[in-house]
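One structure is given below, encoded as structure tokens.
The values are calculated or read from the model by the stated rules, or taken from the named source; none is laboratory data. Being a predicted model, the structure only gives us computed values, none of them experimental. Ligands, DNA and RNA are excluded from the accessible area calculation, which covers all protein heavy atoms including side chains. Shrake-Rupley method; radii C 1.70, N 1.55, O 1.52, S 1.80 Å.
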Amino acid sequence: MKMNTKSLKLIIFLFILNSITLYLYFSSHPDYFRRRRTTQNIPNSIPQFHSPFPDRTHLVSLSNSNKPWPILPSYLPWSLTPNISFRSCEAYFGNGFTHRVDLLKPSPESNRKVGKDGRGWFRCFYSQTLRSSICEGGTMRMHPDKIKMSAGGEVLESVIGRGEEEELPEFEFGAFDLEVTGNSKNHGKKLATEGFLNEYLQKGEISRHTMRDLIDSIQLVGANEFECSEWVEEPTLLITRFEYANMFHTVTDWYSAYVSSRVTGLPNRPQLVFVDGHCMTQLEETWKAVFSGVRYAKNFSGPVCFRHAILSPLGYETAMFRGLSENIDCYGAASAHDLWHNPDDKKTARITEFGEMIRAAFALPLHTTHKHSSRTRNVLFVRREDYLAHPRHAGKVQSRLSNEQQVFDAIKSWSLLLSHTECKVNVVNGLFGHMSMKEQVRAIQDASVIVGAHGAGLTHIVSAAPEAEILELIASEFRRPHFALISQWRGLNYHPIFLTGSHANPTLVIDKLRDIFKTLGC
């Protein structure tokens, strides 16, 4: 009876404490509920978020509905200094976006009032190293009916045969606009000049630069013309995906979106709007896990207004893609902590940080280590399977290893021979086409050795454990540096076997595995 009385008193005490806490919080945030409205009514104030860059003040809505950033072991501040060295590792993989250009500055009133007083603003941060920009704007409106593309988000089987040109956006002038005050002669004009686009949003080798085209469509409009069917209060990334069903290219999009979120100092993980008409794929599972929500531009029924919109560079402009054609002399740091205390322009922990972000998004442990922690070591064999990837795909993958099953069986047989030794080997059949994205990331994370023929599935090594060993079987037709580079930038040990044609000698593969396991203490 005494126990019941004590329990009841404890419950009452905790209830009162919680009530007081909630009262204090909401009394100190009186505009919280106003910010949650999604009509064209505007809240009374815009809270300010101060970036570590002294000259950057971000007018963003500090929403509590977006997912918080997880605590990452390899995280380093994204604004160490505005003077990042040209072509340094931080300039390539971190915050090299240090040249700020304001196309539309917020009016003095917009720092205090959010009525019909010209809240629109727009600016870009340019990276000389990557030759690309991250741009952001406030009080920005999108007209879905002025974007020509398919609806997007459909079930794959329902759109078989649809052309890619139907899925990529074409913007009419005024597809996006910003509210401005001042002289009416500016109303109806373009936000950006051709000179600005050529300098800060260069096409380069990209035949269709959709971020450039989007900014080229932005029109300046007066307050009396700025009406919205819906307001999105939370910071939102506007993204157009290319090669959206390919793991490597999607990882470059994920990375670009992650970098954009960090560079613009977002206090929480942003919402996403896909400004493309691609159908659903398995890879959307990771988009939804890493960020706070996903919508398609064509899913909005009318003009939609964003309190804070961020335009993420194309995946083609990330260092992971640039490294395929230019020399990026960077190496993975042993630890972010060491790099913090001993800065080195030739080292980076950013790819490791990004891999941890993906693992954290799926609630997987971040402090795993395989060294001496277990007598059983996982060897993950990443397989290439036939599957229907996108509407123009026949469902058949191109073989990069003609005797893949034979090699897998040989590794299995070798592992059984070690079953009575101190070091046991567990061979994992990496049939990624039949696994959820979380299961794929978990398999990568738990692997001591990752084996596979050259293929996009190996891009998962961004999330591998820091001691993982990478063994790539490279057919003569596919001698490309994708995974050697990612391993280098992660600081992972990489072992290639170059094939004559596409046939691997199982004995040579086993010999290489034996050598690797000797370095692991087996």
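Please label the shape of segment 111-238 as rounded, prolate or oblate, based on the square roots a ≥ b ≥ c of the eigenvalues of the alpha-carbon gyration tensor (a/c under 1.5 means rounded; beyond that, a/b larger than b/c means prolate, else oblate). Display every interim value, and only then the final one.
Details: a/c = 1.97, a/b = 1.32, b/c = 1.50.
Oblate, because a/c is 1.5 or more while a/b does not exceed b/c.
Among the listed pairs K146/K189; K148/K298; K347/K518; K67/K346; K105/K288, give every one whose C-alpha distance is greater than 21 Å.
K347/K518; K67/K346; K105/K288
Classify segment 236-315: rounded, prolate or oblate, from the alpha-carbon gyration tensor (a ≥ b ≥ c, eigenvalue square roots; a/c under 1.5 rounded; otherwise prolate if a/b is larger than b/c)?
Values: a/c = 1.69, a/b = 1.09, b/c = 1.55.
In terms of gyration-tensor shape, oblate.
At 1.4 Å probe size, with the rest of the protein present, what percent of the exposed accessible area of segment 182-294 is carbon and sulfur atoms?
It is 43 percent, rounded to a whole number.
Which of rounded, prolate or oblate describes segment 411-522 when judged by the alpha-carbon gyration tensor and an a/c cut-off of 1.5?
rounded
Give the carbon-plus-sulfur fraction of the accessible surface of segment 117-161 in %, rounded to a whole number; probe 1.4 Å, heavy atoms of protein chains only.
The value for segment 117-161 is 50 percent carbon and sulfur by accessible area.
For segment 225-279, report the accessible area per residue in Å² (1.4 Å probe, heavy atoms, rounded to an integer). Intermediate values should be presented prior to the final figure.
Numbers: 940 Å² over 55 residues.
Heavy-atom accessible area per residue stands at 17 Å².
Expressed as a whole percentage, what fraction of the accessible surface of segment 412-460 belongs to carbon and sulfur atoms when a 1.4 Å probe is rolled over the protein heavy atoms?
56 percent
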